[in-house]
Amino acid sequence: MLEKNYLRGIELCEMPPQDLYISELPVVKHLFKMGKLEFNKPVTFLVGENGTGKSTLLEAIAVAVGFNAEGGGRNFTFSTNESHSPLWKYLDTIKSLSAKDGFFLRAESLYNLASNIDEMDKQPSFDPMVIESYGGVSLHKQSHGESFMSLIENRLFGNGFYIFDEPEAALSPMRLLTLIAEIDRLVKNNSQIIIATHSPILMAYPNAQIIELSKEGIKTVDYRDTEHYKVTKQFLDNPERMIKYLIESEC
C-alpha cells in the first residue's frame with residue numbers, strides 16, 4: 001500500500017472570472033474559501049446531491065493531471081464533444097510521486113472510448129492490438145457493464161492513479177461488489193483512486209475518505225452519516241411505507 005498518495009491534494013489558485021458559469025458553482029466557491037482540499041486515503045469518494053459539482057470537480061482534477069477529458073489513459077487524445085469545463089485551468093495539483101499507470105474512467109463516455117480503441121486498432125502501427133490490453137474483445141461487443149468491468153480487470157495494472165466518474169451507472173449491484181474487490185486489488189498494488197459516486201454499496205469500501213459536497217460546504221463525513229446511506233437504509237427497512245408516503249403525498 002502507498003506510503004504517500006500520488007495526488008495529495010488540490011488548490012484553487014484563483015477564482016474563475018464571473019462570466020464563466022463555474023464561478024457560480026457552490027463547489028468552486030467553497031474550494032476557494034478552503035484554500036486546499038487534501039486526499040489522505042488511498043480511496044477517496046466524492047459524494048453529494050445532483051448538481052453539487054462532483055463530476056465537474058472530478059473532471060477538472062483528471063484534466064489537470066494530464067488525462068483526456070472524455071476518459072482513457074494519458075495517451076488518449078480523442079474528442080467527440082468539447083463539453084468539459086475550464087475549471088482545470090484554475091487548479092493547482094499537490095503531488096508527491098509519479099504513478100506508473102493511470103486511467104480516467106467515465107461511464108457516460110465509455111462508448112466513445114471503445115470507438116477510439118477500435119479506430120486505433122485499424123492502424124497497422126499498433127502491434128499488439130490495443131484491445132489486447134482490454135481483454136481482447138471489442139468493448140462494443142459487450143454490454144455496458146461487461147465492457148466496464150473488462151476494462152477495469154484487464155487494463156488497470158496497479159501502481160497507478162485512477163479516477164472513476166459514477167461507475168454505478170454501468171453496473172448491477174452484484175457487479176458493484178466485484179468492483180469493490182477490484183478496487184482493493186489496486187489499492188494493495190500501490191494505487192490511489194478517486195471516485196465520484198451516488199452508490200452506498202460502493203462507498204462502503206473500508207477506511208475510505210468520503211468527501212461530501214453540498215451548497216453549504218465541503219466536508220469529510222463517515223459512511224453512515226452520508227445522505228445516501230440514510231435514505232437507502234430507510235427505504236430498505238420499509239419500502240412499502242416509503243412508497244406509500246411518496247405516492248400519497250403526490251395526490
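The values are calculated or read from the model by the stated rules, or taken from the named source; none is laboratory data. Remember, it's a predicted structure, so these values are computed and weren't measured experimentally. Note that each Cβ is placed from the backbone with ideal geometry, even for glycine, and that neighbours are counted across all protein chains shown. Side chains are part of the model used for accessible areas, which takes the heavy atoms of the whole protein and leaves out ligands, DNA and RNA. Shrake-Rupley method; radii C 1.70, N 1.55, O 1.52, S 1.80 Å.
Largest first, the residues Asp222, Asp165 sort by 1.4 Å accessible area into Asp222, Asp165. Among the GluC sites (Glu not before Pro) in segment 183-242, which ones are in a DSSP loop with at most 12 other Cβ atoms within 10 Å of the Cβ? Mind listing them? Counting only loop positions with at most 12 other Cβ atoms within 10 Å, the GluC sites (Glu not before Pro) in segment 183-242 are Glu216.
When all protein chains stay in place, what accessible area (Å², nearest 10, 1.4 Å probe) is found for Phe235? Rounded to the nearest 10, the figure is 70 Å².
From Cα pairs below 8 angstrom and at least 6 apart in sequence, can you work out the relative contact order of segment 1-77, rounded to a whole percent?
On the way: 62 pairs, mean separation 19.6, N = 77.
Normalised by residue count, the contact order of segment 1-77 is 25 percent.
Residue pairs exceeding 28 angstrom between C-alpha atoms, taken from Lys54/Lys89; Lys89/Lys230; Lys4/Lys219; Lys41/Lys100: Lys89/Lys230.
Measuring r between the beta carbons of Asp225 and Asn40 and using R0 = 25 Å, the FRET efficiency lands at 0.90. Surface analysis of segment 160-251 yields an accessible area of 56 Å² per residue, using protein heavy atoms and a 1.4 Å probe.
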